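Remarks on the structure that follows.
The values are calculated or read from the model by the stated rules, or taken from the named source; none is laboratory data. Bear in mind that the values here come from a model prediction, so they are computed numbers and not experimental data. Here the Cβ is made from the backbone with ideal geometry for all residues, glycine too, and neighbour counts use every protein chain on show. For the accessible areas, the whole protein counts, side chains as well, though only heavy atoms, and no ligand, DNA or RNA atoms are used. Shrake-Rupley method; radii C 1.70, N 1.55, O 1.52, S 1.80 Å.
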Amino acid sequence: MEFTPAPPVHRVLCADCAWTIARPESAELLSICLKKLKGLNKVRLTDAHFIWTEPHSKRLRVSLTIQKEVLTNTILEQTFEIEYLVQHGQCPDCTKLAAKNTWNSLVQVRQKVPHKRTFLYLEQLILKHNVQKDTISVKEVKDGLDFFYSSRSHAIKMVEFLQGVVPVRMKSSEQIISSDTHSNTANFKFTYSVEIIPICKDDLVLIPPKQAKSLSNISPLTICTRVGNSVHLIDPSTLQSCDITSNIYWRTPFDSLATVTDLLEFTILDIEPDHRRSKGKYVMADAQVALAGAFRSSSGTADDDEMMDFDAPSSSTNQIYHTRTHLGAILQPGDTVMGYHLTNTNFNSSDFALLEPSRIPDIILVKKAYPNRRKKSKARAWRLRSISKEAGEEGETGNARGVVGRLGGRDQRKVDEDYELFLRDIEEDPEIRAGVNLYKVKAQQDDVKMVGPVESGAGGGSKGKRKKRAQFAMDVDEKEEPEEVVQTSIAGMEEEAEDEPDFPEISLDELLEDFDEMTLGPDGQE
């Protein structure tokens with residue numbers, strides 16, 4: 001018996017000249033093999049299974065057990081082996097993909113922001129929903145990614161997926177490649193341009209005054225708490241929130257006033273939560289904060305009485321600020337929190353200049369930080385997967401991880417910083433973890449190190465292990481974190497600080513086993 005599979009995608013040519021996806025030693029492949037046997041419908045098949053053979057032998061051995069009634073009340077059972085000859089070939093889709101520039105449709109995804117965290121999260125959403133299965137290749141460009149497809153329907157499916165997970169606007173165009181005047185037919189290449197709203201989680205957003213009035217008269221100064229198919233904004237001083245859809249945003253577009261790179265560390269001196277004013281997980285609170293290290297002596301041998309220098313009001317670094325925050329449910333005196341320092345910041349915004357000074361707070365707190373734990377190079381017990389990079393791609397750096405961060409000339413240190421911030425968002429936000437598949441780290445794999453403070457991190461590329469293809473298109477890489485330990489120290493503190501007791505640990509119940517590696521034979525061993 002002979003049949004012709006396509007090795008890269010495990011497709012099998014059936015008797016009806018149709019290609020079917022069937023992995024080695026799968027139930028689908030066994031069904032195809034049994035259909036090639038003649039006269040099997042005249043007996044009763046009781047058992048059928050594969051007998052292990054070497055992967056390079058180009059042979060498949062199947063053990064069959066059949067029964068048939070030969071005399072009255074007499075049943076004969078027989079077990080025998082059948083050997084199939086494997087002939088390697090290429091299906092039409094693989095033959096087309098082997099040539100260059102054979103794509104039919106292109107999806108251009110763009111976001112005009114200085115970081116890549118949005119595309120790191122988008123990559124995980126694509127892998128979780130297995131949307132990359134029909135993608136020919138992925139190419140990184142300046143402000144985003146390009147997805148290439150062999151069919152227009154696959155590109156439309158990707159566009160519809162993007163519209164469901166992120167706020168976007170889409171434009172389409174087509175270009176004629178060839179035409180036949182006799183049969184009145186033509187070949188086109190289709191391009192879909194998808195632009196993501198340039199507002200990210202934890203950004204400080206200033207809504208235009210007219211639009212703020214239309215959104216239940218919310219305060220213009222807001223914090224972005226979540227980005228889904230719409231942008232969720234909240235006023236930290238009143239807990240009033242609003243959702244901005246893509247249609248509302250693109251009617252009057254606006255940019256973020258400040259991003260996470262402008263966040264500063266503050267220390268909570270005192271906080272008084274008001275549990276009567278709460279909304280979901282947010283609780284209104286009045287807080288007294290100061291810049292981190294503001295009341296610490298510059299000398300490492302100073303006494304405790306000299307550590308609190310309240311007698312220098314002229315200095316702006318040791319000033320105490322009073323503010324309202326929406327994080328009253330999780331903050332305690334002594335905690336470290338990240339926030340925006342509006343008093344010492346100049347914004348190039350005409351709308352910000354028109355705001356009344358009484359409506360502009362000195363400090364806007366955004367999220368809780370865990371500096372003591374971040375300083376330690378402690379291994380993470382989980383890892384992520386990534387869409388693999390295509391070898392030999394123009395502009396590829398060669399040592400970047402996955403799809404994002406491999407464009408030639410890009411600062412690798414900045415890419416590693418964005419990736420570390422993305423991993424921290426996964427740890428600290430359960431809503432983000434809900435859309436990401438986390439996998440257990442094997443004992444024999446290299447430990448995934450937790451990088452220290454982002455400002456002190458040194459860039460370094462990492463190479464991933466290539467996984468088997470899902471169908472006939474994209475590979476999937478395993479992300480291996482760079483093994484780098486950042487030495488950090490705090491002036492005046494020689495002893496190592498204790499970990500924060502409420503550091504968000506990811507439980508083992510949230511981690512998945514890598515079932516793609518559970519295959520039979522030597523190919524499944526790594």
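All told, T345 falls short of being more than 20 Å from I207 (Cβ to Cβ), open to solvent by less than 70 Å² (accessible area, probe 1.4 Å), touching a helix residue (DSSP H, G or I) at 6+ places or on another chain (Cβ under 9 Å) and not hydrophobic (A, V, I, L, M, F, W, C).
I'd like the residue in segment 145-161 that is of a type in the set (F, W, Y) and open to solvent by less than 10 Å² (accessible area, probe 1.4 Å) and, out of all such residues, is nearest to V404 (Cα to Cα). Only one residue tops the list, namely F147.
Can we say K189 is farther than 23 Å from T345 by Cβ, open to solvent by 20 Å² or more (accessible area, probe 1.4 Å), part of a helix (DSSP H, G or I) and not hydrophobic (A, V, I, L, M, F, W, C)?
The answer is no for K189.
Checked against (1) surrounded by fewer than 17 Cβ atoms within 10 Å (Cβ to Cβ); (2) modelled with pLDDT of 90 or more; (3) acidic (D, E), D180 passes all but a single condition, namely (2).
Beta carbons closer than 8 Å, at least 6 apart along the sequence or on distinct chains, pair a first residue in segment 330-341 that is open to solvent by 50 Å² or more (accessible area, probe 1.4 Å) with a second that is modelled with pLDDT under 90 and assigned to a loop (DSSP other than H, G, I, E, B) for I330/D502.
Examine segment 25-41 for a residue that is over 16 Å from E81 (Cα atoms), over 40 Å from the mean Cα position of the chain (by Cα) and open to solvent by 70 Å² or more (accessible area, probe 1.4 Å), and state whether such a residue exists. Checked segment 25-41: at least one residue is over 16 Å from E81 (Cα atoms), over 40 Å from the mean Cα position of the chain (by Cα) and open to solvent by 70 Å² or more (accessible area, probe 1.4 Å).
For beta carbons closer than 7 Å, sequence separation of 6+ or different chains, a first residue in segment 117-137 that is over 17 Å from I197 (Cα atoms) and a second that is assigned to a helix (DSSP H, G or I) and not aliphatic (A, V, I, L, M), the qualifying pairs are I126/Q132; H129/F161; V131/F161; D134/H154. When the helices (runs of 4 or more DSSP H) confined to segment 82-176 are screened for residues that are at pLDDT 85 or above and more than 30 Å from L29 (Cβ to Cβ), those reaching at least 3 such residues are found at 117-128, 152-165.
The residues on offer are I223, I244, I199, and the sole one that is buried (at least 20 other Cβ atoms within 10 Å of the Cβ) and more than 20 Å from Q163 (Cβ to Cβ) is I223.
I'm checking my understanding of the structure. Among residues of segment 59-93 that are under 19 Å from W19 (Cα atoms) and open to solvent by 100 Å² or more (accessible area, probe 1.4 Å), which one is farthest from the chain's Cα centre (by Cα)? Restricting to residues being under 19 Å from W19 (Cα atoms) and open to solvent by 100 Å² or more (accessible area, probe 1.4 Å), the top hit is H88.
Quick one: is V441 among the β-branched types (V, I, T), modelled with pLDDT of 80 or more and open to solvent by 20 Å² or more (accessible area, probe 1.4 Å)?
When the stated conditions are applied, V441 passes them.
Considering every residue within segment 209-216, establish whether at least one is open to solvent by 30 Å² or more (accessible area, probe 1.4 Å), small (G, A, S) and part of a loop (DSSP other than H, G, I, E, B). For segment 209-216, residues open to solvent by 30 Å² or more (accessible area, probe 1.4 Å), small (G, A, S) and part of a loop (DSSP other than H, G, I, E, B): present.
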